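Participant: Got a structure for you, questions after.
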Ligand SMILES: Cc1cc2nc3c(=O)[nH]c(=O)nc-3n(C[C@H](O)[C@H](O)[C@H](O)COP(=O)(O)OP(=O)(O)OC[C@H]3O[C@@H](n4cnc5c(N)ncnc54)[C@H](O)[C@@H]3O)c2cc1C
């Protein structure tokens, strides 16, 4: 069988699986929302959908497709990048919700790459079951781009560490029950070498989470640690190697294969909107702009595939992940701006407004897209990485 036949066969396998297993109440829940939200936009709190989502999640888990890139022996799908692209394509074609949280997307792969075998056995299953939701506790008020300067301290005390310090901009800390914490375990060591990665219980005594309001409804928090005790066997991998593990986590986060699928779906929604009677016919300039975005989405797919191939070959992407992150986030901003131009003053209407095109998602995306070039490392930092690691230029 040729590789193409094999992928086509896999495509039918995925389509049949979705037809068979996707609960009716999750079919076409909101085509519009799924264009913008990874998981189909189902409201996390609506009880009727919660049960159906749990059933769908279990079906995916049993098939290994909840974490398609994880090795089979840890409950993943062990899929090649080409198979992952097909899987995501079919999910999108069927408007089937995907589950992509920090545990599945970033933290699981980090534990798989750097954790001890005992930690993999203990920490991975509850990520797959959804029992453990994680957040990433990296940034501090005085350490964002320069994370090696972080001050949060984890001091060894017998077979425990005692954590004191503050984190900020922690996405979803308000929901998470576990956090991946970067803390200084050896203040005497050179900056990068004194940092470790720890798993911390977000419900432990001494942890305080405070929400930060913002324009985009993003679930941001400040997190304070006061004499929080963490068992020594919850230091991921080896003490003092945390900074190195974090760099590989960020490369994984910057190169998520699913980003291209979301952007393709957004473009598709704009193309449908452009032909709908809701809007006046597109101007010549708007047509040109949409055509440019379509070309850029093709470029993004090519970049994504390149990075995914590297990962599959066991070669961690470095500057390539930064090229992808930079291109993806700046493209997301351009697409949102194109959408805003198309809908003109309707861009002032938000979710729930009767006349808001695509249920206000363009306006929401336009605001949210501004954050993309900051999170997971700013565009300036990505350009620095490309210049030094990619092009071999000296540090500025
Ligand atoms: C939506 C969103 C979600 C986030 N979620 C999380 C999360 O879950 N967990 C977490 O830990 N953090 C999270 N962050 C924080 C994010 O990682 C930081 O905002 C980011 O790393 C930048 O750090 P900073 O805000 O401290 O800015 P700074 O590092 O202070 O940077 C300020 C400005 O200076 C520029 N700059 C800094 N250093 C250089 C340099 N060497 N060369 C050129 N320019 C430079 C930056 O590009 C930026 O424009 C999130 C941020 C956003 C926006």
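The values are calculated or read from the model by the stated rules, or taken from the named source; none is laboratory data. Predicted model only: the values in this text are computed from it and were never measured. Quick reminder, even Gly has a Cβ in these numbers, built from the backbone with ideal geometry, and neighbours come from all protein chains shown.
Participant: Any chance you could count how many residues in segment 217-231 are loosely packed, with under 14 Cβ neighbours inside 10 Å and either touching a helix residue (DSSP H, G or I) at 6+ places or on another chain (Cβ under 8 Å) or not in a strand (DSSP E or B) (or both)?
Facilitator: Narrowing segment 217-231 to residues loosely packed, with under 14 Cβ neighbours inside 10 Å: 217, 226-227, 231.
Cutting the leftovers down to either touching a helix residue (DSSP H, G or I) at 6+ places or on another chain (Cβ under 8 Å) or not in a strand (DSSP E or B) (or both) gives us 217.
The total comes to 1.
Participant: Of all residues being assigned to a helix (DSSP H, G or I), at pLDDT 95 or above and in contact with a helix residue (DSSP H, G or I) (Cβ under 8 Å, 6 or more places away or on another chain) in segment 62-96, which is surrounded by the most Cβ atoms within 10 Å (Cβ to Cβ)? Just the residue, please.
Facilitator: The selected residue is 74.
Residues are listed down the side, and each one gets a yes or a no for (1) modelled with pLDDT under 95; (2) at positive phi; (3) more than 14 Å from the ligand (Cβ to nearest atom):
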| position | (1), (2), (3) |
| --- | --- |
| 330 | no, no, no |
| 335 | no, no, yes |
| 347 | yes, no, yes |
| 357 | yes, no, yes |
| 370 | yes, no, no |
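Participant: Return the only residue of 302, 392 being modelled with pLDDT of 90 or more, under 14 Å from residue 259 (Cα atoms) and loosely packed, with under 14 Cβ neighbours inside 10 Å.
Facilitator: Within the list 302, 392, the selection yields 302.
Participant: Would you mind listing the strands (runs of 3 or more DSSP E) fully within segment 97-205 where at least 1 residues are more than 25 Å from residue 71 (Cα to Cα), without any contact (Cβ under 8 Å) to a residue 40 or more places away in the chain and away from the ligand (no atom under 13 Å from the Cβ)?
Facilitator: 153-157, 178-184, 195-201
Participant: Given the criteria assigned to a loop (DSSP other than H, G, I, E, B), surrounded by fewer than 21 Cβ atoms within 10 Å (Cβ to Cβ) and out of contact with any strand residue (DSSP E or B) (no Cβ under 7 Å at 6 or more places or on another chain), does residue 282 qualify?
Facilitator: Considered against the rule, which asks whether it is assigned to a loop (DSSP other than H, G, I, E, B), surrounded by fewer than 21 Cβ atoms within 10 Å (Cβ to Cβ) and out of contact with any strand residue (DSSP E or B) (no Cβ under 7 Å at 6 or more places or on another chain), residue 282 comes out as yes.
Participant: Can you find a residue in segment 315-337 that is assigned by TED's automatic domain parsing to the domain that holds residue 278, within 17 Å of the chain's Cα centre (by Cα) and not in a helix (DSSP H, G or I)?
Facilitator: Yes, some residue in segment 315-337 is assigned by TED's automatic domain parsing to the domain that holds residue 278, within 17 Å of the chain's Cα centre (by Cα) and not in a helix (DSSP H, G or I).
Participant: Assess whether residue 101 counts as being in contact with a strand residue (DSSP E or B) (Cβ under 9 Å, 6 or more places away or on another chain) and closer than 16 Å to residue 262 by Cα.
Facilitator: Considered against the rule, which asks whether it is in contact with a strand residue (DSSP E or B) (Cβ under 9 Å, 6 or more places away or on another chain) and closer than 16 Å to residue 262 by Cα, residue 101 comes out as yes.
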